[in-house]
Amino acid sequence: GHCAGGHCGFAVWPQGHRAKRKCEREVSRKGDGHLAIKVLIADDHALLREGLRKILEMEPDIEVVGEASDGREAAEKASRLLPDVVLMDINMPGGGGLEATKMIRNRHPHINVVVLTIHDDDEYIVEMLNAGAAGYILKDVEPAKVIDAIHRVHEGESFIPSDLMTKVFREFKKLAAH
């Protein structure tokens, strides 16, 4: 089932396994009273953060609750602001996105992390998924894909574009062979 905010339910992984999650989040409402998905943007480029904020704030059900410019700040703000979703760059100072994702997921398993990066290397993707990321998208996607990823991981799904799934499976096959 779903709680009032729609952020409980099931996490659906590519293997088809389902895992229940407990709702620990406060429900946020946007100015018009609608339930909002709370998003934290973590990227070391101010221009990208500002652009994402403007795009996301046009959505009636998304509220940007904060920004972070490095991994340490991302983990700290995630603990303080308790967003529903963190958009996380991999390459940032202060431990970077990988360490920040591990910290966030260990402390707050209900916070979903979507990796937003320029890297489509097989190893990066698998590392971030192992760290607990629920989604992985490249920075050159159209804005609608970012919004779709936020909605999907908020509903408990994983989000990996089909062109990257091939790389993920290739890497898992390599790992399984060892």
Matching residues, the range 129-159, being in contact (Cβ under 8 Å) with a residue 60 or more places away in the chain and open to solvent by less than 70 Å² (accessible area, probe 1.4 Å):
ALA134, LYS139, PRO143, VAL146, ILE147, ILE150, HIS151, VAL153, HIS154, GLY156, SER158
Out of the residues in the range 30-43 that are at pLDDT 95 or above and not β-branched (Val, Ile, Thr), state the one that is most open to solvent (accessible area, probe 1.4 Å).
LYS38
Candidate set from the range 46-57 (those that are open to solvent by 10 Å² or more (accessible area, probe 1.4 Å) and in contact (Cβ under 8 Å) with a residue 40 or more places away in the chain); member that is farthest from LEU98 (Cα to Cα)
ILE55
Of the residues that make up the range 165-176, is at least one outside any helix (DSSP H, G or I) and more than 16 Å from VAL39 (Cα to Cα)?
no
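The values are calculated or read from the model by the stated rules, or taken from the named source; none is laboratory data. Keep in mind that what you see is a predicted model, and the values were worked out from it rather than measured. Methodologically, a virtual Cβ is constructed for each residue, glycine included, from the backbone with ideal geometry; neighbour enumeration extends over all protein chains shown. Heavy atoms of the whole protein, side chains included, go into the accessibility calculation; ligands, DNA and RNA do not. Shrake-Rupley method; radii C 1.70, N 1.55, O 1.52, S 1.80 Å.
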